[in-house]
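The values are calculated or read from the model by the stated rules, or taken from the named source; none is laboratory data. If you're wondering where the values come from, they're calculated on a predicted model, not measured in any experiment. Here Cβ is always computed from backbone atoms with ideal geometry, including for glycine, and neighbour counts include all displayed protein chains. The accessibility values were calculated without ligands, DNA or RNA, using every heavy atom of the protein model including side chains. Shrake-Rupley method; radii C 1.70, N 1.55, O 1.52, S 1.80 Å.
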Amino acid sequence: MIAIDWGGSSLRAYRLDGDGAILDARRSGDGALACGGRFGEVLGALIAGWDDALVVMAGMVGARGGWIEVPYVDGPADARALAAGMLRLDPGDAPGLAGRSLWCVPGMADRTTPASDVMRGEETQIAGLLDALGPGAHTICLPGTHSKWVRVDEGAIVRISTAMTGELYGLLRAHSILGRGMPEGEPALDLAAFDAGIACSDDPAGGLLHDLFGVRTAMLFERFPPSALPSYLSGLLVGHELRAALAGLPAPVHLLGSEALVERYAHALQSRGIAVQRHPEALAAAGMYRLAKVRGLL
């Protein structure tokens with residue numbers, strides 16, 4: 001089969017063998033929110049030459065404004081519930097897709113809190129991890145623009161919490177007074193400044209809104225060179241994220257995501273004495289393979 005991890009800004013395709021192992025992989029910058037609605041054209045071009053009939057997709061391709069809106073599955077949800085929510089997609093006359101069977105994985109909703117929460121794409125990565133987690137309760141973090149904190153209990157996703165840490169970082173860097181003293185571009189991580197931001201977030205006399213202005217005073221008092229200020233801001237935001245997310249959740253924390261972000265979060269967690277386990281980003285392909293098998297498509 002072919003597994004398609006189609007996020008808002010990126011597109012990854014995996015060709016899998018009968019046991020779910022990755023035979024080949026391709027990627028594109030034509031994300032679901034950036035491809036101008038040319039879903040069939042983009043997909044057909046990306047998987048040209050792969051003759052597999054079954055194509056399973058996950059991510060923002062199934063969101064409102066994507067190729068097909070697949071309704072959220074309410075939690076608690078295990079692999080069987082997610083597989084039952086998959087929808088088949090008619091590719092029409094899109095070149096390169098004739099004769100293929102296209103399916104899209106649903107997102108997942110958590111309506112147990114006043115704010116409620118959702119995720120779309122991350123549930124598929126978690127589905128690929130469930131066998132490795134085993135029984136009991138587990139904590140999973142998927143850091144990113146919108147970091148997801150997920151609790152899994154006895155093979156089912158039971159709680160979702162999203163932190164807009166990455167997006168807030170970008171907004172503050174580009175559109176607030178805090179960014180005025182920082183260099184353009186993204187300098188290398190300054191670990192000392194990052195750790196200082198984490199330490200500041202632990203001060204009970206602060207609070208996120210107050211601590212954010214401390215980035216301004218750190219610049220005025222020259223606590224750090226300008227190139228280190230983004231790392232200080234990052235540590236501050238990640239630190240506050242961890243304080244809120246970890247309340248009542250079991251350790252260790254399973255980290256899924258890009259290597260750079262996983263490394264940053266692992267450092268922040270370990271500095272608080274919390275053990276971590278790291279997992280590869282390509283788990284989305286394993287999750288789609290598992291859901292296809294549960295749905296009876298393989």
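For this structure, a couple of remarks:
- Within the stretch 132-174, considering residues that are among the charged types (D, E, K, R) and in contact (Cβ under 8 Å) with a residue 40 or more places away in the chain, the one nearest to ARG278 (Cα to Cα): ARG151
- Number of the condition not met by VAL55 [criteria: (1) of a type outside the set (Phe, Trp, Tyr); (2) over 30 Å from GLU154 (Cβ atoms); (3) at pLDDT below 95]: (3)
- Residue count for the stretch 244-260, restricted to those that are assigned to a helix (DSSP H, G or I) and either basic (Lys, Arg) or open to solvent by less than 60 Å² (accessible area, probe 1.4 Å) (or both): 1
- Checked against (1) modelled with pLDDT of 95 or more; (2) in contact with a Lys or Arg (Cβ under 8 Å, 6 or more places away or on another chain); (3) open to solvent by 10 Å² or more (accessible area, probe 1.4 Å), SER10 passes all but condition (1).
- ALA218 being surrounded by 15 or more Cβ atoms within 10 Å (Cβ to Cβ) and farther than 30 Å from LEU129 by Cβ: yes
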